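Step one of this worksheet: look at the structure below.
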Amino acid sequence: MRFPAFATCLALPFLAAACTADDLPDEERTVAPILTSAQAQDEFTYARPLEARVTHVSLDLDLDFEGKRVEGTATLDVDAADDATEIVLDSNGLVIGGITDGNGNALDYEIGEADPDNAGKGEPITVQLGEMTGPALQQIVINYASGPDAEALQWLEPEQTAGGEYPYVFSQGQAILNRTWIPTQDSPGIRQTWEARITAPKPLNVVMSGISRGEPEDVGENRRAFEFVMENSVPPYLIAIAAGNIEFAELGPRSGVWAEPEVLEEAAAELVDTEAMIDAAEEIYGEYRWGRYDMIVLPPAFPYGGMENPVMNFPTPTFIAGDRSNTGLVAHELAHSWSGNLVTYSSWRDGWLNEGVTSYFESRISEAVFGEKRANQEYALSYASLVEAIEEQGADNPNTAMRTPDGISPFDTIGPAIYDKGTVFLRTMETIIGRERFDEFMRGWFDRHAFQPATSEMFLAELREYVVDGDEALEEELMLDEWVYGTGLPENAVAPDAEAFAEVDSAAAAYAADGTLPATETWTGWTGAEQQRFLQELPEELSADELAALNEQLALSDSGNNEVLFLWLEAALRNEYQPAVAQAEEFLAEVGRNKFVAPLFTALWETGSWGRPIATRIYNETRGGYHSYTRGNVDQIVGYEG
Ligand code: BES
Ligand code: ZN
């Protein structure tokens, strides 16, 4: 361990952010420390940042829609220890043309073997630094293209867009996918600033998760160049791009939305609360530090609900319900501007530090903007999915710990132990400590570690330092270690308000008892969360007659809310309800959001001889339209072997 973090200020300018000296020049202050503790280690990178690390990435890339690849150069600023002779980068399938130093002198490099136990980790690129030793800033220039199966990038055919006329591309970097299109050290604890110049064919517009610099420039051959810059250091999974026939609508003084013209108006209408959400978030945890807050509402093939790419969040269009009932998603991605983007886990095993803290913060924003009732309902839904997951997995299952076990793919740690247990943990802390004191602590957490990596033990140590402060009774009451490292649900967990779903739950009970359906007006008067709760409480087994009656009374198959429609389709398929198959097929052909797609295929598959041929038939049609993440999951569900 040559460079213990927080120890060396002046000798090692690239660790300068670890120092509290306020008189450092700005450009040095943006270089974030590398944490050296055991908890901070990331097993999914080949990089050895304490020897040599990337501090800045400069991309100069062409989007090649015919070849479905990006091609160009990545210039990396490297900080190397005195005796370092090489730097190790992450890559996955990149096609490397050559590597030079900043002066154009060729550098030796080697592309190593992929780790056979972990395909997603890709293969290391080890670059000899040649004469470039010493602590001074140095550059390496990599000529490259993304490989044919670059998993971060999804290239859409015009048919997969709303307009149907132009191709589209977007990236999804989290967790370890950006190494399929950017050769850098792809680890959340190795923060980097970046800039990019991207060319695309007219009339496509390009957006990135950085501030746009100047107007697009005509570069001939029917192409334009777009420039972006991110001056705050970020974990590299947050570098993101999208390009298509997209237009912009302003939402507020610092916010706006990009989308295809066909969906721009409804997207903007659904997002009218954005500026109020930013204001509310700032009120709770302090200044929004990224400048602009824009979003791009992607085509429905996008595999996630949303992705918190800085200054340009990426939401799915499936959150649009017409009544803003699913905008918790926006609150969530916005909240990541603090938890996740400002302060970031160093290892994927601390997923809760990003996702759990964010889900809690999301509920606070919801409360401030939409009121306590909605926030309480969202908390009750979250609590219910945690309890259900723990029941399913067993209270002693290591996967129910907030700090997840090692050796698990960072894609597979996503789940209730991270999101919902994290939410319930922080809500419990808030309740015991008191909101005011807890908020002060959280604000301090974000301030102390702004633009830096963090770990579970840092969070707990600071809670003890700033809040517990030697109070043994309080320490015992909080059960901190049990929450973070223990399995199951600690006994001090704050249960949701019993009133949150009182009406809906009694309606669900009445239905289960004797088939009494809620009146149509009752149903339509319910919030999105209430409708979801009712559908989640339905009996597992329903006959065709019962499903028909439900659909008749509640018009489920006509719902404009995709969360509701999804729950309906899932219940229908699970119960082999033939009349729902055509709509399910249509839905699965359009929507690639894993949260919907994977469970629908599971529902079909688990019925056995009824649903398996249907699943296979549908999947043969739809597989090509799914992002690699969704495809990977459904491949497993249906045993797809190509
Ligand atoms: N950062 C996540 C998505 C993610 C996590 C991608 C880990 C890859 C690895 C994003 O903020 C998220 O949580 N999305 C949720 C939104 C929901 C909780 C409101 C989703 O996509 O469902
Ligand atoms: Zn999230």
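The values are calculated or read from the model by the stated rules, or taken from the named source; none is laboratory data. Note that the structure is predicted; figures quoted are calculated from it, not measured. Here the Cβ positions follow ideal geometry from the backbone for every residue, glycine too, while neighbour counts run over all protein chains shown. What goes into the accessible areas is simple: the full protein's heavy atoms, side chains included, and nothing from ligands, DNA or RNA. Shrake-Rupley method; radii C 1.70, N 1.55, O 1.52, S 1.80 Å.
Structure summary
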| item | result |
| --- | --- |
| DSSP-defined antiparallel bridges as percent of all bridges, the chain, nearest 5 | 80 |
| Rel. contact order, % - alpha carbon contacts under 8 angstrom, at least six apart, segment 531-642 | 22 |
| Cα gyration tensor shape of segment 217-330, rounded if a/c is under 1.5, else prolate or oblate by comparing a/b with b/c | oblate |
| The chain - percent relative contact order, Cα under 8 Å, separation 6 or more | 11 |
| Segment 351-461: radius of gyration over Cα atoms, expressed as a fraction of 2.2 N^0.38 Å | 1.09 |
| DSSP-assigned coil residues among GluC sites (Glu not before Pro) in segment 544-642, each with at most 12 further Cβ atoms within 10 Å | E641 |
| Alpha-carbon Rg with Dmax, taken over the chain, Å | 24.7, 81 |
| Where GluC sites (Glu not before Pro) fall in DSSP loop in segment 394-501, at most 14 other Cβ within 10 Å | E491, E499 |
| Global geometry of segment 561-612, whether rounded, prolate or oblate, following the gyration tensor of its Cα atoms and the 1.5 cut on a/c | prolate |
| Sparse-neighbourhood loop sites, GluC sites (Glu not before Pro) in segment 130-214 - DSSP loop, at most 12 other Cβ within 10 angstrom | E131, E165 |
| Mean Cα-pair separation over length for segment 38-154, i.e. relative contact order, pairs under 8 Å, 6 or more apart, % | 32 |
| Under the span-like rule (Cα at least 20 Å along the axis, Kyte-Doolittle mean at least 0.0), DSSP H helices of the chain | 419-433 |
| Where Cα atoms sit under 29 Å apart: lysine pairs in the chain separated by 8 or more or lying on different chains | 8 |
| Dmax and Rg, reported as Rg then Dmax, of segment 434-567 (C-alpha, Å) | 22.3, 62 |
| For segment 278-311 and segment 33-107, distance of Cα centres in Å | 27 |
| Table column - 3J(HN,Hα) (Hz), segment 81-96, Karplus curve with 6.51, -1.76, 1.60, x for Gly and Pro | 5, 3, 9, 6, 10, 8, 10, 10, 10, 9, 8, 8, x, 5, 9, 8 |
| Amide H within-cut-off set for S91, under 5 Å, with H built and near neighbours excluded | E123, I125 |
| For segment 202-298: accessible area per residue (Å², 1.4 Å) | 39 |
| Two-site FRET efficiency, E287 against T516, from Cβ-Cβ distance with R₀ of 56 Å, rounded to 0.05 | 0.60 |
